[in-house]
Amino acid sequence: MRAVVQRARSARVTINGTESREMGQGLVVFLGVTKGDGEAQANILAEKIGGLRVFSDENGKMNRSLDQVGGSIMGISNFTLGTDCRKGRRPSFDLAAEPEAAKVLYQGFIRRLEELGLPVVTGEFGAEMQVLVENDGPITLMLDTEKM
């Protein structure tokens, strides 16, 4: 399972050109489910992201977690994180999980974040989405459960 995490001042997702959802300060998580991922990876990743200390303390040091700053998480499914670009110029999606399995694991990831007591805003799995992120820092992290 792969995630690109951005510390944000604010974010908004527009779903299918009509419905918008937004959040203030927090983390925007683009989540890609890869073949072989399971519930264990979803839980590990949710717990890691929920506890990341990427917000500044009174000394300007990244030392505070999401709950310490009263922030939210925006979880966006992103199957393109399951690409392999090593050969040629056209991405291969062979690493991405099948949509049915990916949806279940995406929902499990979101559920685990909520169980941790974190406020979560979501996009919609499989929908056409436009995501506007006011990146703070910029702070952008890449996480991969295969490397954790």
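So, in region 127-148, of the ones that are of a type outside the set (S, T, N, Q) and under 20 Å from ASN16 (Cα atoms), which residue ends up least open to solvent (accessible area, probe 1.4 Å)?
Taking region 127-148 as the starting set, the residues that turn out to be of a type outside the set (S, T, N, Q) are 127-129, 131-134, 136-139, 141-144, 146-148.
Now drop any that are not under 20 Å from ASN16 (Cα atoms), which leaves 127-129, 131-133.
On the way: ALA127: 23, GLU128: 119, MET129: 38, VAL131: 52, LEU132: 102, VAL133: 38 Å².
Taking the candidates together, the pick is ALA127.
Determine if region 126-145 includes at least one residue that is part of a helix (DSSP H, G or I) and under 13 Å from LEU31 (Cα atoms). For region 126-145, residues part of a helix (DSSP H, G or I) and under 13 Å from LEU31 (Cα atoms): present. The sole residue among GLY50, GLY38, GLY17 that is over 25 Å from SER92 (Cα atoms), open to solvent by less than 40 Å² (accessible area, probe 1.4 Å), out of contact with any Gly (no Cβ under 7 Å at 6 or more places or on another chain) and of a type outside the set (Asp, Glu) is GLY50. Only one of the listed residues (ALA102, ALA97) is over 16 Å from VAL29 (Cβ atoms), surrounded by 12 or more Cβ atoms within 10 Å (Cβ to Cβ) and either among the hydrophobic types (A, V, I, L, M, F, W, C) or more than 12 Å from the chain's Cα centre (by Cα) (or both). That residue is ALA97. All of THR122, THR34 fail the test of being at pLDDT 95 or above and over 25 Å from THR18 (Cα atoms), apart from THR34.
Could you check region 108-126 and list, in sequence order, the residues that are of a type outside the set (Val, Ile, Thr), out of contact with any Leu (no Cβ under 9 Å at 6 or more places or on another chain), surrounded by 14 or more Cβ atoms within 10 Å (Cβ to Cβ) and closer than 19 Å to THR80 by Cβ? Residues satisfying the conditions are GLY123, GLU124, PHE125. Within region 93-101, one or more residues are over 29 Å from SER56 (Cβ atoms), at pLDDT below 95 and not aliphatic (A, V, I, L, M).
Residues in region 20-35 that are open to solvent by 60 Å² or more (accessible area, probe 1.4 Å) and among the small types (Gly, Ala, Ser): 1 in all.
The values are calculated or read from the model by the stated rules, or taken from the named source; none is laboratory data. As the structure is a prediction and not an experimental result, all values here were calculated from the model. With ideal geometry, Cβ positions are generated from the backbone for all residues, glycine too; neighbour counts draw on all protein chains shown. Keep in mind that these areas ignore ligands, DNA and RNA; they rest on the heavy atoms of the full protein, side chains included. Shrake-Rupley method; radii C 1.70, N 1.55, O 1.52, S 1.80 Å.
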